[in-house]
Amino acid sequence: MPDFSELSQSVIDGDGEAAREIAAQLLDAGTEARDILSQGMIPGIRRVGELFGSGEYFLPELLMSGEAMRAALEVIKPVLSRQETPPEGKYLIGTVRNDVHNIGKDIVIMMLEGNGWEVTDLGVDVPPEAFCKAVSENDYQIMGMSALLTSTMPGFKETIEALKQAGLRDRVKIMIGGAPVTQALADEVGADACATDAAQAIAKARQLISEPGKETSRCQN
């Protein structure tokens, strides 16, 4: 059986060159691309999420590990596409209207993609109408909205109300995120879950689609 520990460790260490090289070596040795992803890369990025959540890793380490994950993904993506490996889920994400901060959103995207999600990024300063249009045209399990500024957080409620008025609210689970986000805010705007960092976002997303009838754990601040 192939040894995936070095690949996992390269992601944890944020060593993109090593991650790319080891992924290529595993492919050349006949290892299935889906196994490289599920047994080597995903365990590594999940460990990174744990280290970030516990305060042992900080933003620079998280970014480096995300880039290492992307480097390895570049190697196996063509093979994964040919094998038609199903994604973990489909996730729509964007920063709410009038908020142009994207660092947190982009970190969440890296983590989601590293964990096997298919992500559609609407970008920053996204009006409620754009979220509604995307939900109406595609089959997403989860829609995520982020905000860094307290002045732009009303965009959460505005967007959810727009989805309700368009008859789209029940089509998708909604997560909100960002440094100022609290569970009280999530309850107030009618979101299904909230997350204050990328590690929480991944855990909550997995919980929302694996146990749709079970209440999601509360947001930790």
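Pairs of Cα atoms under 8 Å, at least six residues apart: use those to get the relative contact order of the stretch 5-83, whole percent. List each step's numbers first, then the result.
Working: 96 pairs, mean separation 38.2, N = 79.
It comes to 48 percent, rounded to a whole number.
Run the quick spin-label model on Leu27 and Glu6: label points 7 Å from Cα toward the beta carbon, then report their separation in nm to one decimal.
Rounded to a tenth, the inter-label distance reads 1.7 nm.
Starting from the Cα-Cα distance between Arg47 and Thr150, subtract it from 0.36 nm times their residue separation and give me the gain in nm to one decimal.
34.0 nm
Regarding the stretch 90-210, what is the average projected area of its C-alpha convex hull, in nm²? Could the numbers behind the result be given before it?
On the way: hull surface 24.6 nm².
That works out to 6.2 nm².
Counting alpha carbon pairs within less than 8 Å and at least 6 residues apart, what relative contact order, in whole percent, applies to the chain?
Taking the mean separation of contacting Cα pairs over the length of the chain, I get 17 percent.
Any chance you could check the Cα centroid distance between the stretch 174-201 and the stretch 58-122 for me, in angstrom?
Rounded to whole Å, the Cα centres lie 19 Å apart.
Determine the shape class of the stretch 64-130: with a ≥ b ≥ c the square roots of the Cα gyration tensor eigenvalues, call it rounded for a/c under 1.5, and otherwise prolate if a/b is greater than b/c, oblate otherwise.
Details: a/c = 3.21, a/b = 1.72, b/c = 1.86.
Here the stretch 64-130 falls in the oblate category.
Near Lys133, which lysines are there with a Cα under 21 Å away, not counting those fewer than 8 places off in the same chain?
Lys133 reaches Lys90, Lys105, Lys157, Lys164, Lys173.
Can you tell me what the convex hull of the Cα atoms of the stretch 5-83 projects to on average, as an area in nm²? It would help to have the intermediate numbers written out before the result.
Values: hull surface 18.3 nm².
Mean orientational projected area (the stretch 5-83, Cα hull): 4.6 nm².
Relative contact order for the stretch 90-210 using alpha-carbon pairs under 8 Å, separation at least 6, rounded to a whole percent?
Values: 219 pairs, mean separation 33.5, N = 121.
Computed over the stretch 90-210, the figure is 28 percent.
Taken together, the values in this text are just the output of simple stated rules run on the coordinates, not laboratory data. These numbers come from a predicted model, not from an experiment. Cβ sites come from the backbone with ideal geometry, for glycine too, and all protein chains shown count toward neighbours.
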